[in-house]
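Notes follow once the structure below has been shown.
The values are calculated or read from the model by the stated rules, or taken from the named source; none is laboratory data. In this text, all values refer to a predicted model and were calculated from it rather than measured experimentally. For neighbour counting, all protein chains shown are included, and Cβ atoms are generated from backbone atoms with ideal geometry for every residue, glycine included. Remember, those area values only see protein heavy atoms, side chains included, never the ligands or the DNA or RNA. Shrake-Rupley method; radii C 1.70, N 1.55, O 1.52, S 1.80 Å.
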Amino acid sequence: MTAPSAHPILRARGVTKRFGKFTAVQDVNLLVARNTIHSVIGPNGAGKTTLFHTLTGTLPATTGTIEFDGVDVTALADHQRVRHGIARSFQVTSLFPSLDVRENLRLAAQGVHRLGAADGWWPPTGARARREAIDEILERMGLGRVDHLAAGTLSHGQQRRLEVGMALAARPKAIFLDEPTSGMGVDDIDAMKALIYGLRGDHTVVLIEHNMGIVMDISDTITVMQQGQVLVEGKPDEIRNDARVRSAYLGNMITGGAA
Ligand code: ADP
Ligand code: MG
């Protein structure tokens with residue numbers, strides 16, 4: 001285990017997001033320790049995705065501040081936050097389906113994609129370093145043997161791993177994953193779980209995930225949201241045994257393993 005640094009990589013203070021009169025996220029304070037897996041869970045509609053949007057810059061927070069790696073990024077757009085090391089997984093819909101897997105990763109690394117790495121992010125000796133980095137990502141994502149196939153021909157599970165790989169190609173310090181296992185079968189879920197766990201230690205992972213088996217197994221810290229607010233935060237064992245969490249889920253979702 002890598003000891004988390006005393007200085008959190010992400011510090012959100014009093015983050016609120018309103019859509020008109022509706023408050024989707026209310027006064028959320030969040031500290032994410034460096035090189036850990038920090039999961040955000042909660043019932044549908046709890047505000048998890050909206051919180052992610054405010055942290056990654058997809059949507060501006062209505063009020064509150066977000067500090068990332070010592071920089072106040074509150075006023076920065078998503079592509080500017082990427083330069084500071086924040087990446088979120090791409091959506092399947094943003095893959096280039098007719099281009100092969102390697103080319104998708106290359107474009108993400110080059111910043112051709114809107115949310116890819118910024119120009120100058122790679123050193124001048126870029127081409128070779130980039131190729132090696134892409135080889136490493138292909139290996140980590142278990143896509144080495146399909147690197148020459150068009151992204152659009154991959155299975156759903158492979159495409160979702162490619163999304164994570166494209167986020168990694170931007171060489172982020174922290175990667176935000178919103179339900180990376182949704183719609184997957186058991187084998188793909190296991191592969192995704194292993195690869196997320198493999199990121200821990202050299203990346204910070206902020207994870208929204210409703211598969212409780214995964215969350216409980218790989219998280220260092222879990223933040224539980226309910227109705228836009230943080231209900232409770234703690235280590236997996238603390239969350240598993242928390243009466244408020246159990247009642248928020250109205251049943252045995254937590255204790256019963258996978259959702
Ligand atoms: P979760 O990811 O936890 O399921 P969301 O963050 O997607 O929750 O949504 C939280 C609440 O905010 C929901 O009630 C949702 O309908 C509402 N919401 C999300 N996005 C918007 C939007 N763009 N405009 C209005 N309401 C929204
Ligand atoms: Mg969501």
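Brief remarks follow.
- Positive-end ranking of V40, T23, A133 along the dipole of the chain, with charges on Cβ about the Cα centre, is headed by T23.
- Label-point gap, in nm, between T63 and H79 - each point 7 angstrom along Cα→Cβ: 3.2 nm
- Tail fraction, Cα-Cα pairs, the chain, threshold 30 Å, whole percent: 26 percent
- Protein-only accessible surface at a 1.4 angstrom probe places the residues R200, R140 in the order R140, R200, largest first.
- FRET E, pair L31, R131, Förster distance 51 Å, beta-carbon r, rounded to 0.05: 0.90
- The gain in end-to-end length when the K235 to H156 segment is fully stretched comes to 25.3 nm, 0.36 nm per residue minus the alpha carbon separation.
- Estimated distance in nm for a label pair at D190 and R244, the labels positioned 7 Å out from Cα along Cα-to-Cβ: 3.7 nm
- With the simple spin-label model, which puts each label point 7 Å out from Cα in the Cβ direction, the L149 to V71 separation comes to 3.7 nm.
- Under the convention that each Lys and Arg Cβ holds +1 and each Asp and Glu Cβ holds -1, the size of the dipole of the chain around its Cα centre is about 520 debye.
- Looking at the chain, the DSSP beta bridges with both ends there are about 55 percent antiparallel.
- For Q26, the residues 5 or more places off, or on other chains, whose built amide H falls under 5 Å of its own are K17, Q229.
- Shown in residue order for segment 220-233 are the 3J(HN,Hα) couplings computed by the Karplus curve 6.51 cos²θ - 1.76 cosθ + 1.60 at θ = phi - 60°: 7, 9, 10, 10, 9, 10, 8, 6, x, 10, 7, 7, 6, 9 Hz (x for Gly and Pro).
- Whichever lysines have a C-alpha closer than 18 Å to that of K17, once near sequence neighbours (fewer than 8 apart) are set aside: K48
- Relative packing of peptides 79-85, 172-178 - highest average C-beta neighbours within 10 Å first: 172-178, 79-85
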